[in-house]
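Student: Take this structure, written in structure tokens, and hold onto it; I'll ask about it next.
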Amino acid sequence: MSDKKVAIVTGASRGIGFAIAEAFAKAGYNLAICATREATVNASADKLKALGAEVLAMVVNVTDGDAVKTMVQDTVKHFGRLDVLVNNAGITKDGLAMRMKADDWQAVIDTNLTSVFHASQAVLRPMMKAKVGRIINISSVVASLGNAGQLNYCASKGGVDAMTRSMAHEVGSRGITVNAIAPGFIATDMTDDMTDDAKKSLTTRIPLGRLGAPKDIAAMALFLASDDAAYITGQVIHVNGGMYM
Ligand code: NAP
């Protein structure tokens with residue numbers, strides 16, 4: 001078994017997930033990463049390997065519970081340990097409630113919420129055996145604020161926050177902490193679709209006056225994974241430039 005800690009980061013082909021994987025690689029972790037496309041997940045793995053990490057890159061759709069379970073088992077088999085799970089993979093399929101298609105509701109719930117249940121359940125056995133572990137869920141500020149046109153997304157992230165607290169209750173006595181990070185508006189592909197006007201109007205609601213960067217979220221994830229965060233569990237930690245206080 002390697003001395004290096006091991007983290008799984010879902011949805012690490014780009015955006016916040018890649019920034020988290022990069023921060024962990026720089027901090028000396030080995031990594032298991034997944035996304036849905038081979039080319040992009042392998043490209044990310046190459047960048048992380050260049051930082052000195054051993055990387056297990058997997059094509060896994062997090063909506064497939066069996067595939068998620070296999071991903072966790074393969075990680076433990078490959079590295080001989082598992083210290084951190086970061087549930088980051090997520091999507092939006094926006095639309096007003098009146099017109100939202102049931103498929104768009106379900107796709108967002110499956111990807112953003114049910115996947116967190118499957119992955120978290122799968123890591124509990126190895127983490128309980130090790131008597132230590134960190135589960136970090138990537139939520140969103142809109143779980144607290146609500147947002148017109150994002151009924152499905154807000155419901156999924158609200159569910160993540162509630163699951164975070166419930167699981168923290170269940171596994172605290174086993175040395176496992178469970179926390180969520182609720183990013184505000186972060187410059188990634190997910191927010192790139194917004195018009196310049198929408199971005200400008202949004203920025204006026206952010207006291208720090210700018211969109212966040214993926215590395216702002218990565219820094220918090222790395223802290224929550226660290227020994228210094230051992231007494232923090234069941235929390236939703238907001239990293240949002242002050243747009244929600
Ligand atoms: P992004 O740039 O769109 O990246 C999403 C990542 O998730 C990609 O790596 C994507 O991989 C992966 N992914 C999506 N569906 C997947 C699936 N079914 N199975 C496996 N991987 C999947 O998004 P982001 O902005 O970095 O968002 C990351 C997380 O932060 C999400 O949970 C999001 O809800 C949350 N968040 C973002 C913001 C923001 O302002 N950006 C704010 C609050 C919360 P592929 O290459 O396979 O598509």
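Student: Of the conditions (1) closer than 21 Å to ALA7 by Cβ; (2) touching a strand residue (DSSP E or B) at 6+ places or on another chain (Cβ under 7 Å); (3) away from the ligand (no atom under 12 Å from the Cβ), ILE136 satisfies every one except a single condition; which number is it?
Tutor: For ILE136, the exception is condition (3).
Student: Something else now. Pairs only if they're at least six apart or on different chains, beta carbon under 6 angstrom, first in the stretch 59-79 and closer than 17 Å to ARG125 by Cα and of a type in the set (A, V, I, L, M), second modelled with pLDDT of 95 or more and assigned to a loop (DSSP other than H, G, I, E, B); list them, first residue then second.
Tutor: ALA67/VAL60; VAL68/VAL62; MET71/VAL60; VAL76/LEU82
Student: I'm trying to understand the selection: among the residues of the stretch 189-210, which are out of contact with any helix residue (DSSP H, G or I) (no Cβ under 7 Å at 6 or more places or on another chain) and open to solvent by less than 80 Å² (accessible area, probe 1.4 Å)? Step through it out loud before you land on a result.
Tutor: Kept after step one, since they are out of contact with any helix residue (DSSP H, G or I) (no Cβ under 7 Å at 6 or more places or on another chain), are these residues of the stretch 189-210: 191-208.
Matches in the stretch 189-210: THR191, MET194, ALA198, LYS199, SER201, LEU202, THR203, ILE206.
Student: Okay, next question. Look through MET243, MET163, MET167 and report the one residue that is in contact with a helix residue (DSSP H, G or I) (Cβ under 9 Å, 6 or more places away or on another chain) and under 20 Å from ALA19 (Cβ atoms). Step through it out loud before you land on a result.
Tutor: Values: MET163 fails: under 20 Å from ALA19 (Cβ atoms); MET167 fails: under 20 Å from ALA19 (Cβ atoms).
None of the other options fit; the residue is MET243.
Student: ASP161: under 15 Å from VAL142 (Cβ atoms), in contact with a strand residue (DSSP E or B) (Cβ under 8 Å, 6 or more places away or on another chain) and of a type in the set (D, E, K, R), yes or no? Break it down stepwise before answering.
Tutor: Numbers: under 15 Å from VAL142 (Cβ atoms): yes; in contact with a strand residue (DSSP E or B) (Cβ under 8 Å, 6 or more places away or on another chain): yes; of a type in the set (D, E, K, R): yes.
Taking the combined requirement at face value, the residue satisfies it.
Student: If you don't mind, another one. If you go through the stretch 130-152 one residue at a time, how many are within 20 Å of ILE217 (Cα to Cα) and part of a helix (DSSP H, G or I)?
Tutor: Of all residues in the stretch 130-152, those within 20 Å of ILE217 (Cα to Cα) come to 133-145.
With the extra rule that they be part of a helix (DSSP H, G or I), the set shrinks to 142-145.
Total meeting the criteria: 4.
Student: Just for the stretch 1-17: of the residues that are within 14 Å of the chain's Cα centre (by Cα) and surrounded by fewer than 23 Cβ atoms within 10 Å (Cβ to Cβ), which one is nearest to the ligand (Cβ to nearest atom)? Lay out the reasoning, then the answer.
Tutor: We begin by selecting, within the stretch 1-17, every residue within 14 Å of the chain's Cα centre (by Cα); these are 7-17.
Then keep just the ones that are surrounded by fewer than 23 Cβ atoms within 10 Å (Cβ to Cβ); that gives 14-15.
Values: ARG14: 5, GLY15: 2 Å.
So the residue we want is GLY15.
Student: Can you confirm whether the stretch 85-92 contains a residue that is away from the ligand (no atom under 16 Å from the Cβ) and closer than 25 Å to MET190 by Cα? I'd like the intermediate steps shown before the answer.
Tutor: Pass one, the stretch 85-92, residues away from the ligand (no atom under 16 Å from the Cβ): none.
Within the stretch 85-92 (the criterion being away from the ligand (no atom under 16 Å from the Cβ) and closer than 25 Å to MET190 by Cα), the answer is no, since none of the residues qualifies.
The values are calculated or read from the model by the stated rules, or taken from the named source; none is laboratory data. Small disclaimer: the values here were computed from a predicted structure and weren't measured. All Cβ positions, glycine included, derive from the backbone under ideal geometry; neighbour counts span all protein chains shown. Only protein heavy atoms, including side chains, enter the accessible area calculation; ligands, DNA and RNA are left aside. Shrake-Rupley method; radii C 1.70, N 1.55, O 1.52, S 1.80 Å.
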